[in-house]
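Asks: Before we start, here is the structure in question, set down as structure tokens.
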Amino acid sequence: MNGVELFTPFFSEAIAGYILKKHKLGTPLNIFELGNGSSTNLCALLNYMKMKMPNVYKNMHYYVLTDESGCGS
């Protein structure tokens, strides 16, 4: 269990709030998540964006980067 899962949805909402502070409105928002695990953060962050900033949500892209090759070292 990690911080995201322990403090859902507050942890993800804090991250989303920071992203929105730094994001320039009117430009597309691209979010990259490394190793999404159970997707708890993904779901909570997207729900927050959809409820609080629907105009940003419509134009955002969320990318999940994982190592699914099975070739870990």
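The values are calculated or read from the model by the stated rules, or taken from the named source; none is laboratory data. Since the structure is predicted, the reported quantities are computational estimates derived from the model, not experimental observations. Please note: Cβ atoms are built from the backbone with ideal geometry, for glycine as well, and neighbour counts cover all protein chains shown. Areas reflect the complete protein model, heavy atoms only, side chains present, ligands, DNA and RNA absent. Shrake-Rupley method; radii C 1.70, N 1.55, O 1.52, S 1.80 Å.
Asks: With a Förster radius of 22 Å, plug the Cβ-Cβ distance of ASP67 and CYS43 into 1/(1 + (r/R0)^6) and report the FRET value to the nearest 0.05. Could the numbers behind the result be given before it?
Replies: On the way: r = 21 Å, r/R0 = 0.97.
The value I calculate is 0.55.
Asks: Going through the range 5-40, which trypsin sites (Lys or Arg not before Pro) have at most 10 other Cβ atoms within 10 Å and a DSSP loop state? List each step's numbers first, then the result.
Replies: Numbers: sites: LYS21, LYS22, LYS24; in loops: LYS24.
In loop regions of the range 5-40 (DSSP not H, G, I, E or B), the sparsely surrounded trypsin sites (Lys or Arg not before Pro) are LYS24.
Asks: For the chain, which whole-number percentage of the solvent-accessible area (1.4 Å probe, protein heavy atoms only) is attributable to carbon and sulfur atoms?
Replies: Values: 3100 of 5330 Å².
Carbon and sulfur: 58 percent of the exposed surface of the chain.
Asks: Cα axis of helix 10-22 to longest principal axis of the chain: angle in degrees, 0 to 90, nearest 10?
Replies: So the inclination is approximately 60 degrees.
Asks: Now, a different point. Amide H to amide H under 5 Å from TYR62: which residues, 5+ apart in sequence or cross-chain, H placed 1.01 Å off N in plane?
Replies: Under 5 Å from the amide H of TYR62: ILE31.
Asks: Would you mind getting me the FRET efficiency between ASN55 and THR8? Use the beta-carbon distance for r and R0 = 30 Å, nearest 0.05. Working shown, then result.
Replies: Working: r = 25 Å, r/R0 = 0.82.
Working from the Cβ atoms, E equals 0.75.
Asks: Applying the Karplus parametrisation 6.51 cos²θ - 1.76 cosθ + 1.60 with θ = phi - 60° to the phi angles of the range 50-61, what ³J(HN,Hα) value in whole Hz is obtained for each residue in order, glycine and proline being reported as x?
Replies: 5, 7, 8, 9, x, 5, 6, 4, 4, 10, 9, 10
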